[in-house]
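The values are calculated or read from the model by the stated rules, or taken from the named source; none is laboratory data. Since the structure is predicted, the reported quantities are computational estimates derived from the model, not experimental observations. Ideal geometry is used to build each Cβ from the backbone, glycine not excepted, and the neighbour counts take in all protein chains shown.
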Amino acid sequence: GGPGRPREPAGRSGGALTLPLRSPQAQPAFVPRRGATGERWEAAEAAAVPVLLPSAGCWIPSPAPEDILYRSSLCRKLRAGKSGATLDFAKQLGHFFVDHPEDAFGSLGRLLHKNFYLGNAKLKVTVSRNSTIRMTALVEDIDRLEARRGCPRQHLASRLRWFSHLCRDWLFEVPLGLLADCLHEELAQQWSNLLFDDSLTGGALAWLPSEDRETPVGRLVHPGGQAMNHLYFQDVVLEELPHARGPPAQFELSERIRQVAAARVDGQDFVGVRSDYHCGVWRVPGKTRAVPIPLQVIRTDVPASCLTVSPHLPGELSVCTQSGTVYLWSVETGLQQLRHDPQTMFFRDHSPWRWSDFTAHPRVLSCADRTGLQCLDARAPKRCHFDLFKVGEEAGCQQGERVVLPMYLGRAHPSQYLVTTQFSMYVLDERLPLVPVLKWAHMMKAPPLFAHLMPGKPGRSHKVLLGASRTQELLLLQYRDSFWGVSSGGSQSACQLVGTPQKLHSITGCLQHLPTQLPHRHHLLQQRLSASAAGLAATLQEDGPRKSMLIFQLSEAGDVFCQRLIHKAAQPPAPPSRDEATTAPRSSPLFEAPASSPHGLGTAALRYRRWLRALSRAWREPPWHTWPPSLSQRRLFTHRDLEGPAGPSSLQKQVRQRLRQTMQEGGRIQRWEPLALQPPPLPQTLELAGGPDPLSNRLTAAWAGDWDQWWEDRTSFSVAQRQRALRERRRRQKRAQGRRSLSASFTSSLTYQSELSELSDVGPSLLSPGRPPVLSQEGSPPAGSPPVRSHPPSPAPDEALLSSQSLRCRGIPKERRKTLRDYLSVWAEGPPEPPELPGSQASQLCFPSSQSQLSSASQPRRKRPRMGF
Amino acid sequence: SSNELKLNFKKSKEACLSYIQDALLQKQWKRAAEFLTCYVESLEKDYSREHIGPSEMIWRIGTEILWHHSQNRMKEFSCFMEQMKTLGVKRYLKVCLEHVFHLLCNGQIDEAYQNLSLAESWRFGEQTAIQDKEIKLIQAYRGLLDYCSWSKQKKILLEHGEDGFADLAVEQEMHGYFRKAAVNLKEIIKIPGVWDVFVKCYVDLLEFYGEHNEARQVLNEYAYNSKFPANPNAHVYLYQFLKRQGESKKSLISALKILHDIVPSHELMIDFNTMLQKSKKRKKRQLGLEVIFAALDYAGWKENAKAWSCLARQVKQIVISEKHLDWIKQEWNSRKDWWPDFHFSRYLAKRNWQENKSLSYEKALVAGILLGKDCKYFKYVSHQGCKARLKRFRILKKFVTRHNPVYLRISG
């Protein structure tokens, strides 16, 4: 449909579209079904803001289409034009065999393993030859087959056929046919869930407002945890942005929570929780900080598809299962089956989804399937029922239209009902069944699975929120029942949609406002934020003349986001000023300091910052043990190393400017010459400034393009150097012999690291943990110390002795002393100090490369200034 | 290939549509209009076999944008509508109707009438026959406008008539309107549907000219024809007509009885109950009790003091006369498992006492009789009433205590 339907063109019984207001004296006034002006609600923030910090456990995203669909070009060609998807059944079955070999072939595998030869060599002619087969050949055949996949002329290799023919029946632990059936069923189920997951209908988020209106407090009921099987009751304070107060009351359930429904009866909230095979009910006393009390749990054999809580009687709920059974569940008297009918009501539809809700009469329940709604009297369910809504001509339905979510609108009008389909939303009056009193085509991209009603006071419009799951869409509608007096002869009135439906922020929408992330972070964040929506709740808050609306949205990842809408008092229809503001790409008012805020950044931005930090902590934690040990970069270089040149030189500026200009023109730079006359000078200037620094030397050479030459020079140069270094080392070894034990276990990752990075020109990330610690001379490094490194004797023995003693006196453990010393020396040395590579250290190590001695050779051993030692 | 081209075209069309939608839902009319001009291209290759084709989309979206953005510049709107009419002959009359509605809502009754007449005379081969429904509606609306003119003339006539100065010309003109309106209105209400406005106007016309039988027939048909959707309003109109005609109690009751069967929670049930209570017949009085009990089942009636006082009065009568306690017992049987929680909880006692003392008085009386003097609701309210030294609450307490055995008989 289109939103462009100020008034619904009539069907057979659409009735009057424009209704004259009849009063005896005045001219009849015509009122449109859609009033032009409704209340104006404007978003307070540019995006939805997280309410709670993300939970610690990692979140496993639900499967994506590419996980289960068969993808190949041939397939796509065949499918072009046709709808329907091909499930990659073979791949999944393959995964199963690989992931669970024990379950797949356990016992026979063990029996037969002698008869399968897995090596590459040819089988020797022995006795075993007759009873052993070579598997590699088979694997090769399979690979070949895989490579020819999609080839129209493919035929099975005879060997494979022979093998599968032989062992299809007995090799598998579970009979293959059965296994395949189960897997296929599961796959089809997963796929249909991906297309449309109706188990989330109703949403798993509830807001329980507090009884007393003094304090703006309420309680958010939401699922959480890795498997979404924890139920939380979180007190939330509604200030400028809602924030949690105190720890939540928490219940661990045995299954994933699909739906949380709540209703208030007699000042107490009753919260129903539905998971696939269990439903439970909690009672939350109206007082703030009262503890929620679990009342009862029921178990179903077939997955439950609906749970609603009665707004009339305490402890009454209605439950539907996918087998087509509807129960009235009372905590006191138990379950009463109202209907059992696996068939759909009005015409045949395959969906097992059922729904049920309460009506104006506490004993009359509505029950729904995809084809429509009926009302049943619980006192005589077989006899007393009537049709409330039917997908068909009366409501002017489209072909293929199906009921998605019915909801009782009792808090707005006792006899009204909301029915949403994938195309439209209808408001029905149970006194005038079948013919909707309001219809509007919502044009949402995904069917609205969640709805929330906020009743307006008499004379004001009621607000309905519709939410979709997969696309996270959120719409705000306003309608008014009885827009002309009901008192005029007790006539029923149609409803009027007021104002234009309004789109609200989705959770993903905030992504563009967040600070730029590293690409993989961005991807993770995107995945997290675009998880399907799983629930919707809202509350109206009136603070004197200021009215605002708070809307909470839950995502499948367990995040709860919130946005505030502010009511703008009736103004002359202002020119659409929002037009431009909202369209500006990547505008991020969220992170700009609002003028009014005293903290510089808005509270929303701060909230985001905290949330992001918690999220990145959660990401980092779980794979901790799997990460390669990382080393701080800070200690690899002296800070002079890290210090760049003071600013871009004029040449750099020139080059940059040229580059920019060329990019703007869309041209390309073929030669740098005209501007940058000699490219090598650039590093050379650096070299001049930085002194004889091997790294700069090498980079300069590389820049100039004669890196080979440099290498040659270096190696030949180093032969002589090495000899010298070796000689010196021997000399020093002799000298140091007596004192080695003192500092034997001091480790210096410094030397090794910086040297190596010099060699490999790659950062420390290259240092895989698998690499053996370099040639420790003194046995293994002390346990608990960072992985590595042999120890060299201290460069200045006397000082070292002194300092290690003094360090010991201060109670600094042995292992740390050297580190500390190095650290201090680095900082004490001040800027004009060559990289800290005492020759004595370097020469002690037998480096895999020949150039390690370079620095030692080029610099005479010298004392390092040490602060206070 | 052409297939691919089609696919791409479709994709970009969809993308464009979703941009428009986005803009519309954020009230960015100007932006939506810009996208719409791009979308117009989709008319060129209209391969779609969807429910709503591009031309219909353009019509609907365009209407929406103009409705909100052009600040009632009717000229622009009419111009757009004319274009839309020529864009799709299949929808010609629908667009006409839409246009007329727009004019009506802006108070341009005469233009609307002109447009309706034009649309009515539209002929386009087969299309005219296909759009039969729309033609009927157009005629009906023309009838409605004729009725409006008629009632305007009537007003003039009545005002002048008081001066003893009847204008023949006005009367004739008025009669002309009547005939035109009656013909068209009569047609539309033959088709099954919800035609409340048209029926009311038609009946008004008929009544003015004294054709009561015809009016009665129309209303009966509208209320009782099973082809029409069950419409409580139809019964209400019939009841009101009968009342105006001064019909007998019996026929009024039978009309309301049917309304009670369809919608037990209708506002008229209080009138019905009062009517039945006054009746001499026992059966009727029993029905009265049934009616008021049934009405109070509904959530919408929970705090209706009038209804509670009706029930209280009747229950009190029965208890005092001690005659038909079985009536109460019968009604109470199907309700005793849920009414206490639904109506007579302690929470409600508190709230009713705070908000509406007379409601709590009536309810306490009913609760005391149905549930005995120990019931929470009665206890709370009578206690509060005595504390506040309200005389009638003391009398109430005495009454209930005296008749406490009744409770045992009812619930037994």
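Structural remarks
Results for (1) farther than 18 Å from A:R460 by Cβ; (2) small (G, A, S); (3) surrounded by fewer than 20 Cβ atoms within 10 Å (Cβ to Cβ); (4) modelled with pLDDT of 85 or more, shown as yes or no for each residue.
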residue	(1), (2), (3), (4)
A:S482	no, yes, yes, no
A:G509	yes, yes, yes, yes
A:Q517	yes, no, yes, no
A:H522	yes, no, yes, yes
A:L529	yes, no, no, yes
A:A533	yes, yes, no, yes
A:L536	yes, no, no, yes
A:G544	no, yes, yes, no
A:M549	no, no, no, yes
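- Within region B:251-276, being out of contact with any helix residue (DSSP H, G or I) (no Cβ under 8 Å at 6 or more places or on another chain) and farther than 14 Å from B:G288 by Cα holds for one residue alone: B:E267.
- Looking at A:A85, A:A64, just one residue is surrounded by 13 or more Cβ atoms within 10 Å (Cβ to Cβ), under 29 Å from the mean Cα position of the chain (by Cα) and modelled with pLDDT under 80, and that residue is A:A85.
- Take the conditions (1) at pLDDT 80 or above; (2) within 20 Å of A:S616 (Cβ to Cβ); A:K568 misses just one of them, which is (2).
- Any hit, region A:191-212, residues being surrounded by fewer than 18 Cβ atoms within 10 Å (Cβ to Cβ) and at pLDDT below 80: yes
- Residue within region A:379-386 that is within 24 Å of B:I191 (Cα to Cα), within 11 Å of chain B (Cβ to nearest Cβ) and touching a Cys at 6+ places or on another chain (Cβ under 8 Å) present: yes
Residues are listed down the side, and each one gets a yes or a no for (1) more than 14 Å from chain A (Cβ to nearest Cβ); (2) buried (at least 19 other Cβ atoms within 10 Å of the Cβ):
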site	(1), (2)
B:L256	no, yes
B:I262	no, no
B:S265	no, yes
B:M269	no, yes
B:K278	yes, no
B:K283	yes, no
B:L287	yes, yes
B:E290	yes, no
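- Verdict on A:M443 being touching a residue at least 40 places away in the same chain (Cβ under 8 Å) and assigned to a loop (DSSP other than H, G, I, E, B): yes
- Residue identified as among the hydrophobic types (A, V, I, L, M, F, W, C), within 13 Å of another protein chain (Cβ to nearest Cβ) and surrounded by 22 or more Cβ atoms within 10 Å (Cβ to Cβ) among A:L405, A:L477, A:L438, A:L449: A:L477
- The one condition from (1) touching a residue at least 40 places away in the same chain (Cβ under 8 Å); (2) away from chain A (no Cβ under 14 Å) that B:E211 does not meet is (1).
- Going through (1) within 14 Å of another protein chain (Cβ to nearest Cβ); (2) out of contact with any Gly (no Cβ under 6 Å at 6 or more places or on another chain); (3) in contact (Cβ under 8 Å) with a residue 24 or more places away in the chain; (4) aliphatic (A, V, I, L, M) one by one, A:V364 falls short only on (3).
- If you go through region B:343-402 and keep only what is over 37 Å from the mean Cα position of the chain (by Cα), of a type in the set (D, E, K, R) and away from every other protein chain (no Cβ under 14 Å), you end up with B:K373, B:D374, B:K379, B:K387, B:R389, B:K391, B:R392, B:R394, B:K397, B:K398, B:R402.
- Filtered by the rule that a residue be away from chain A (no Cβ under 11 Å) and either under 34 Å from the mean Cα position of the chain (by Cα) or not hydroxyl-bearing (S, T, Y) (or both), region B:11-27 gives B:K11, B:K13, B:A15, B:C16.
- Condition met for A:A204 (in contact with a Pro (Cβ under 6 Å, 6 or more places away or on another chain) and not basic (K, R)): yes
- Restricting region A:261-303 to residues that are surrounded by 18 or more Cβ atoms within 10 Å (Cβ to Cβ) and hydroxyl-bearing (S, T, Y), the residue that is farthest from A:V319 (Cα to Cα): A:S275
- Region A:29-50 - residue that is outside any loop (DSSP other than H, G, I, E, B) and at pLDDT below 80 and, of those, nearest to the other protein chains (Cβ to nearest Cβ): A:F30
- Among the candidates A:L171, A:L187, A:L208, A:L178, residue that is over 30 Å from A:G106 (Cα atoms) and of a type outside the set (D, E): A:L208
- Of the listed requirements (1) more than 30 Å from A:P436 (Cα to Cα); (2) part of a loop (DSSP other than H, G, I, E, B); (3) within 13 Å of chain A (Cβ to nearest Cβ), B:K155 misses just one: (2).
- All positions within region B:184-201 that are within 13 Å of chain A (Cβ to nearest Cβ), farther than 19 Å from A:V437 by Cβ and either touching a residue at least 24 places away in the same chain (Cβ under 8 Å) or touching a helix residue (DSSP H, G or I) at 6+ places or on another chain (Cβ under 8 Å) (or both): B:L185, B:I188, B:I189, B:I191, B:C201
- Restricted to region B:71-131, the set of helices (runs of 4 or more DSSP H) holding at least 2 residues that are buried (at least 19 other Cβ atoms within 10 Å of the Cβ) comprises B:74-87, B:92-105, B:109-120.
- Flag for A:A188 being at negative phi, outside any loop (DSSP other than H, G, I, E, B) and of a type in the set (A, V, I, L, M): yes
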